[in-house]
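Student: This is the structure I have questions about; it appears just below.
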Amino acid sequence: MTSRKISLSSPIEEKIAWARYYYEAFGEALLEQERIGNLLESLKGDILASRREMALTGIVDICRHCDREEGGSCCGAGIENRYDGWLLLINLFLGVDLPKKRWQDTGCFLSGENGCLLMARHVICINYTCKKVTDRIAPCAIRELRENEGKEINTLFMLHESIKKALRQWTND
Ligand code: SF4
Ligand code: SF4
């Protein structure tokens, strides 16, 4: 099997190309693995639950206003470097159309006109809340949100490891 080595320090464009290559070459075979199919379904549910909770707490509105009216989005250029190929590959499984170029010079490569393009995000993106948010949202609502996010992070970790293990049996990556 062809092997295309990348590392965490590879440029994001290379990581995206790696993810696309492995999605094309091994996507079907990976989906045939029951554990991976089940974890993908669970992850979709966990992500939707977290997003619903974020909207209910009011965080989505605060962030939208911050981004559009106050120019304060926290999705800055360079954060994309925290992402590895596996996490990008998981996003392809979730139907995400990964970007070909940066939308805004100062913004994260993985953001677009309407914010983050991803479904499965890095733990630093999932967990981040600034003072603007914590000052306005009740601590009990944040605790509830964290519980949902904990499930999302846990499922994502198990899926990440399962895909990595399966692919490593077929390639040298
Ligand atoms: S987390 Fe804070 S800085 Fe980031 S978009 Fe929301 S309000 Fe703005
Ligand atoms: S939430 Fe999305 S757009 Fe924002 S920094 Fe994370 S990956 Fe980039």
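The values are calculated or read from the model by the stated rules, or taken from the named source; none is laboratory data. Just so it is clear, the structure is predicted and the values come from calculations on it, not from any experiment. Note that we place each Cβ from the backbone using ideal geometry, even for glycine, and neighbour counts take in every protein chain shown. Ligands, DNA and RNA are excluded from the accessible area calculation, which covers all protein heavy atoms including side chains. Shrake-Rupley method; radii C 1.70, N 1.55, O 1.52, S 1.80 Å.
Student: Enumerate the amide H contacts of Gly107 below 5 Å, restricted to partners 5 or more residues apart or on another chain; note that Pro and chain-start residues carry no placed amide H.
Tutor: For Gly107, whose amide H was placed from the backbone, the distant partners under 5 Å are Ala77.
Student: What are the residues whose amide H is under 5 Å from the amide H of Gly112, where those residues sit 5 or more places off or on another chain and H is modelled from the backbone?
Tutor: The answer is Leu117.
Student: Roughly speaking, what is the centre-to-centre gap between segment 1-54 and segment 132-166 when only Cα atoms are used, to the nearest Å?
Tutor: Going from one Cα centre to the other spans 18 Å.
Student: Percent relative contact order of segment 25-131, based on C-alpha pairs within less than 8 angstrom and at least six residues apart?
Tutor: Reported relative contact order: 22 percent.
Student: Quick one: 3J(HN,Hα) in Hz for segment 87-100, Karplus 6.51/-1.76/1.60 with θ = phi - 60°, rounded, Gly and Pro as x.
Tutor: With the stated coefficients, segment 87-100 comes to 5, 5, 4, 4, 5, 5, 4, 8, x, 6, 8, 5, x, 9 Hz.
Student: If I stretch the segment between Glu13 and Cys116 completely, what's the gain in nm (0.36 nm per residue apart, minus their alpha carbon distance), one decimal?
Tutor: So the extension gain works out to 35.4 nm.
Student: Next up: Angle check, please: helix 34-57 long axis (alpha carbons) against the longest principal axis of the chain (alpha carbons), in degrees 0 to 90, nearest 10.
Tutor: Helix 34-57 sits roughly 10 degrees off the main axis of the chain.
Student: Here's another thing I want to ask about it. Report, in cubic angstrom per residue, the convex hull volume of the C-alpha atoms of the chain.
Tutor: 105
Student: Another question, then. Using only protein heavy atoms and a 1.4 Å probe, report how much of Leu48 is accessible, in Å² to the nearest 10.
Tutor: Roll a 1.4 Å probe over it and Leu48 shows about 100 Å².
Student: State the cysteines of the chain left without a partner when partners are defined as other cysteines whose beta carbon lies under 4.7 Å away.
Tutor: Unpaired cysteines in the chain: Cys63, Cys66, Cys74, Cys116, Cys125, Cys130, Cys140.
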